[in-house]
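Report on one structure; see the data block that follows.
The values are calculated or read from the model by the stated rules, or taken from the named source; none is laboratory data. Bear in mind that the values here come from a model prediction, so they are computed numbers and not experimental data. A quick note on method: Cβ atoms are made from the backbone with ideal geometry, for glycine too, and the neighbour counts reach across all protein chains shown.
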Amino acid sequence: MTDLHKNSAQIIKPVIEAGSLRHKEMIQWRHQIHAHPELAYLEQKTSDLIAAKLAEWGIEFTRNWAETGIMARIKGQGGAGPTIALRADMDALPLQEKNTFEHRSRHDGQMHACGHDGHTTMLLGAAKYLAEHPDFCGEVVLIFQPAEEGQGGARVMVNQGIFKDYPADYVFGLHNWPGLEAGHVAVHDGPVMAGMDTFEVLIEGEGGHGAMPHLGVDPTVIAAQLITAFQSVVSRNISPLESGVISVTQMNAGTTTNIIPGSVTLKGTTRALNDETHALLHQRMSDLVQHTCAGFGATGSIAFGGTYPATINQTKATQSLEVVAKRMLGDSFVQSKLPPSMGAEDFSYFLQEIPGCYFWLGNGPTTGSCTLHSPHYDFNDEILATGASLWVALAYHHGLAAR
Ligand SMILES: [Zn+2]
Ligand SMILES: [Zn+2]
């Protein structure tokens, strides 16, 4: 029986101390990954780095899941127990970094602006520790996932059968959270991230001379009506107690000042915290496009795509994570009452397969535009030790809440 087990009723000691050699080593890995960001499905060097480390530590793994993804397994030697899967995303964003520190991106127009460099590093840190201290019960499955940023790498991995080759009882994921105090944890029982999709509206009228609008059907006027009408869906069709977003973010129309264009396209995104609300958004938008266009003598169509389902945590897994986090960090470091985010996550695809929990780890203040997807963002190295220790604590103590 380890110290961790003896202490399990009370305090769980973080296995990686801030400022320790392990922590410093993780900072080096993080900086290396940050300096060499790679976009969705092209994370080859990152994948090579992960594979080299896992091989060095004697961890069994397979490669090429969703192109660059890696699945690994560490068997506990403490007896029978559940299998928990821990996931880190690997991809960077198409963004020009504006930071000037030494570990800034070496790849023009590519940047780790969402902290996936930190997520990968924390899972590596936990993997190394668990490989060296395998006296936990059950098994730990490691998911290194490519292409989280809008490309649905998680969906591809699920479709390729990761959970057939690596069955797990629960799956956990985390995202660093700027604005939440460094090293604090936020957990949500139920929805944590919204479902999302993109839409494209095509309005086809009849173009003509800008001075003779009565001879055609002006699609720009219809576009203006539609944008306004869309805003009535959230305010008038969705219950005030539910959440939804419709944002028109792109409009394309016309070529010059004296020609009424023949068509207009509108593009944007919708968000909701459950499937029913999302279906209602789709239905109302489709009705508005069809009937508004018809009312003006034009034709309209709308197509939806790029869907991520809502990320919905399971109660038992959430409680387990919450108990472990509170025992390791202290009650005041764990929040469970924050509202969910209308951002989206493809971790939702894992949660559609097996129960689990996706939680936030505070990245600290947003000073200097240190926010997700900002060219000034950087993952906070301070929390590497906390995140990796939490994964290890979960491997050792998962299921505490159920006892
Ligand atoms: Zn992101
Ligand atoms: Zn992210």
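Looking only at region 187-218, how many residues end up being small (Gly, Ala, Ser) and crowded, with 23+ Cβ neighbours inside 10 Å?
Count: 3.
Among the residues of region 382-403, just one is modelled with pLDDT of 95 or more and surrounded by fewer than 20 Cβ atoms within 10 Å (Cβ to Cβ), namely GLU382.
Taking the listed residues LEU86, LEU95, the one that is within 19 Å of ALA388 (Cβ to Cβ) and within 21 Å of the chain's Cα centre (by Cα) is LEU86, with no other qualifying.
For region 119-150, the set of residues classified as within 29 Å of THR307 (Cα to Cα) and surrounded by 24 or more Cβ atoms within 10 Å (Cβ to Cβ) consists of HIS119, THR120, THR121, MET122, LEU123, LEU142, ILE143, PHE144, GLN145, PRO146, ALA147, GLU148, listed by residue number.
Being within 16 Å of ligand 2 (Cβ to nearest atom) and among the basic types (Lys, Arg) is a property that ARG236 lacks. In summary, THR257 fulfils each of the numbered conditions (1) in a helix (DSSP H, G or I); (2) closer than 27 Å to GLY207 by Cβ with the single exception of condition (1).
Kindly indicate whether GLU148 is within 16 Å of ligand 1 (Cβ to nearest atom) and at pLDDT 95 or above. Yes, satisfied.
Quickly run through region 362-383 and pick out the residues that are closer than 25 Å to PRO94 by Cβ and either within 13 Å of ligand 2 (Cβ to nearest atom) or among the hydrophobic types (A, V, I, L, M, F, W, C) (or both). Selection gives ASN363, CYS370, THR371, LEU372, HIS373, SER374, TYR377, PHE379. Being in contact with a Phe, Trp or Tyr (Cβ under 9 Å, 6 or more places away or on another chain) and either closer than 28 Å to ASP165 by Cβ or among the basic types (Lys, Arg) (or both) is the filter here, so list the residues in region 81-114 that pass it. Hits for region 81-114 are GLY81, PRO82, THR83, ILE84, ALA85, LEU86, ARG87, ALA88, ASP89, MET90, ASP91, CYS114.
Residues that are away from ligand 2 (no atom under 12 Å from the Cβ) and not hydrophobic (A, V, I, L, M, F, W, C) within region 125-147 comprise GLY125, LYS128, TYR129, GLU132, HIS133, PRO134, ASP135, GLY138, GLU139, PRO146, listed in sequence order. Take the conditions in the same structural domain as PRO178 (by TED's automatic domain parsing), within 16 Å of ligand 2 (Cβ to nearest atom) and surrounded by fewer than 24 Cβ atoms within 10 Å (Cβ to Cβ) and apply them to PRO355. Does it pass? Taking the combined requirement at face value, the residue does not satisfy it.
Table: residues versus (1) in contact (Cβ under 8 Å) with a residue 40 or more places away in the chain; (2) more than 28 Å from GLY343 (Cα to Cα).
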{"site": "LEU226", "(1), (2)": "yes, no"}
{"site": "VAL233", "(1), (2)": "yes, no"}
{"site": "SER239", "(1), (2)": "no, no"}
{"site": "GLY254", "(1), (2)": "no, yes"}
{"site": "THR277", "(1), (2)": "no, no"}
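What strands (runs of 3 or more DSSP E), lying completely within region 156-240, carry at least 2 residues that are farther than 26 Å from GLN319 by Cα?
Here the list reads 195-204.
Among all residues of region 164-184, there is at least one that is aromatic (Phe, Trp, Tyr) and within 16 Å of ligand 1 (Cβ to nearest atom).
Quick check on my filter: what residues within region 361-381 are within 14 Å of the chain's Cα centre (by Cα), hydrophobic (A, V, I, L, M, F, W, C) and surrounded by fewer than 22 Cβ atoms within 10 Å (Cβ to Cβ)?
The answer is LEU372, and nothing else.
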